[in-house]
Amino acid sequence: MKAFFAEEQKRHDPTFFLSSGAPQPNPEQPERAERLLSGAHATGLDILRPDHHGLGPIAAIHTPEYIDFLRRIHERWQRIEGASTEVIPNIHPIARTGAYPASAVGQAGYHMADTSCPISADTWDSACWSAWTAVSATDAVLSGDAWSYALCRPPGHHAFRDVAGGFCYFNNSAIAAQRLRRHADRVAIIDVDLHHGNGTQGVFYERNDVLTVSIHADPVRFYPFFWGHASERGEGLGLGYNLNLPLPRKSGDAAFLETLTTALRRVEAFAPEAIVVALGLDAFEGDPFGGLSVSTAGFARIAEALAKLKLPTVIVQEGGYLCDELGDNLTAFLEGFGTNQG
């Protein structure tokens, strides 16, 4: 099976992260890619360079207004006297109506949900290659591979159609799912990241061709706070096609696997023809965010359960932050999946 990664994804190197009002070093660092690459290499997977796919697959999910914003905002921001090196919003609309600001400051607030997605001179290029990594991994599955792995960095599942947030700019898992829809009538996205995939939910919330399922730390006191609650089931045609399964803080392997059984029962009822696994390794017991307590062996068991669906699968990297076991956790997951997928 194949894995995909482009060196350009390392260029995005954010410095700023505001946590509980205090400035902190941004945890979404290029070193994450190095450690994940090490974990993928340990499985024996071929690491391939993704193709340049242009803006088409990205535009299938994200609005042209947002794409143009991301491409141009850093250059525009630097024309502001006294502006920060990175684009960081300082104002947000309390309601996103038809009004659209002309200023770079106003547009930053409109298109950026929080301060954890700063935009530098290299963000656009890295985000594009991250998305193309997901597309190339998807194309491998569409060409007949049983599964593939996309080492997407920066991650994507907090990005809405026209909003960045939570370290995410383009929604790589959504892009992969939309790509799979070329040949699959129904696609399921199973998100096992520590944090709720609010952007992914938002993209598909009114659609019935893509089932979105997320297992995550309960957002009542955890990021992203405003999304990820069990009552969110979809709207319009999408009603009943979104399932959120929040877990109490510090839940470990047993609770996660029990909840995964519920998630997979819903997936089987949807009868998808292919799946996307939004793989967050930040549910790990030693991850800096400290939300859940999944073990390294637990990631292997999660992978085994997902593999037993026996469906064409694109594994898209989401979270998982700097700790000694990050690469080992990826190795455990990929080996557990490959062994049981066949």
Requested in this report: Could you tally the net charge around Val277, taking each other residue with its Cβ under 12 Å from the Cβ of Val277, Lys/Arg +1 and Asp/Glu -1?
Outcome: -3
Query raised in the report: Modelled label-to-label distance, His52 and Ala269, 7 Å Cα→beta-carbon offset: nm?
Result: 4.7 nm
**Report entry** Beta bridge orientation in the chain: antiparallel %, DSSP, nearest 5
**Finding:** 15 percent
**Report entry** segment 148-279: C-alpha gyration tensor shape, a/c 1.5 cut-off, then a/b vs b/c
**Finding:** rounded
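Counting only helical runs of four or more DSSP H residues, what would the 222 nm mean residue ellipticity of the chain come to if each run contributes -39,500 (n - 2.57) and the total is spread over all its residues?
Computed ellipticity for the chain at 222 nm equals -11000 deg cm²/dmol.
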Report task. Would you please put 250-260, 17-27, 202-212 in order of how densely packed they are, using the mean number of other Cβ atoms within 10 angstrom per residue and starting with the highest? Result -> 202-212, 250-260, 17-27
Query - Summed residue charge, Cβ within 12 Å of Arg153's Cβ, Lys/Arg positive, Asp/Glu negative - result: -3
Query - Charged-residue dipole, Cβ positions (Lys, Arg, Asp, Glu), the chain about Cα centre, Debye nearest 20 - result: 640 debye
Report summary line: By the C-alpha gyration tensor axes a ≥ b ≥ c (rounded if a/c is under 1.5, else prolate when a/b exceeds b/c, else oblate), the shape of segment 78-219 is prolate
Query - Whichever lysines have a C-alpha closer than 27 Å to that of Lys2, once near sequence neighbours (fewer than 8 apart) are set aside - result: Lys10, Lys308, Lys310
Query raised in the report: From the list (1) 1.25; (2) 0.91; (3) 1.81, can you say which value of Cα Rg over 2.2 N^0.38 Å was derived from the structure given?
Result: (2)
Query - Scaled radius of gyration (Cα, divided by 2.2 N^0.38 Å) that segment 138-218 gives - result: 1.06
**Report entry** Anisotropy class of segment 198-253 from Cα gyration tensor, a/c 1.5 cut
**Finding:** prolate
Query raised in the report: Taking the Cα centre of the chain as the origin and placing charges on Cβ (Lys, Arg +1; Asp, Glu -1), which of Ser130, Pro312, Pro89 is farthest toward the positive end of the dipole?
Result: Pro312
Report task. Find how many whole Å separate the alpha carbon centroid of segment 253-310 from the alpha carbon centroid of segment 144-184. Result -> 17 Å
Requested in this report: Give, rounded to the nearest 20 debye, the magnitude of the charge dipole that segment 12-54 has about its Cα centre when Lys and Arg contribute +1 at Cβ and Asp and Glu contribute -1 at Cβ.
Outcome: 80 debye
Requested in this report: Would you work out which of Thr259, Gly39, Phe204 lies farthest towards the positive end of the dipole of the chain? Charges go on Cβ: Lys and Arg +1, Asp and Glu -1.
Outcome: Phe204
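All of the numbers you see were taken from the coordinates with simple rules; none came from a lab. Since the structure is predicted, the reported quantities are computational estimates derived from the model, not experimental observations. Neighbour counts are summed over all protein chains in view; Cβ atoms, including those assigned to glycine, are modelled from backbone coordinates with ideal geometry.
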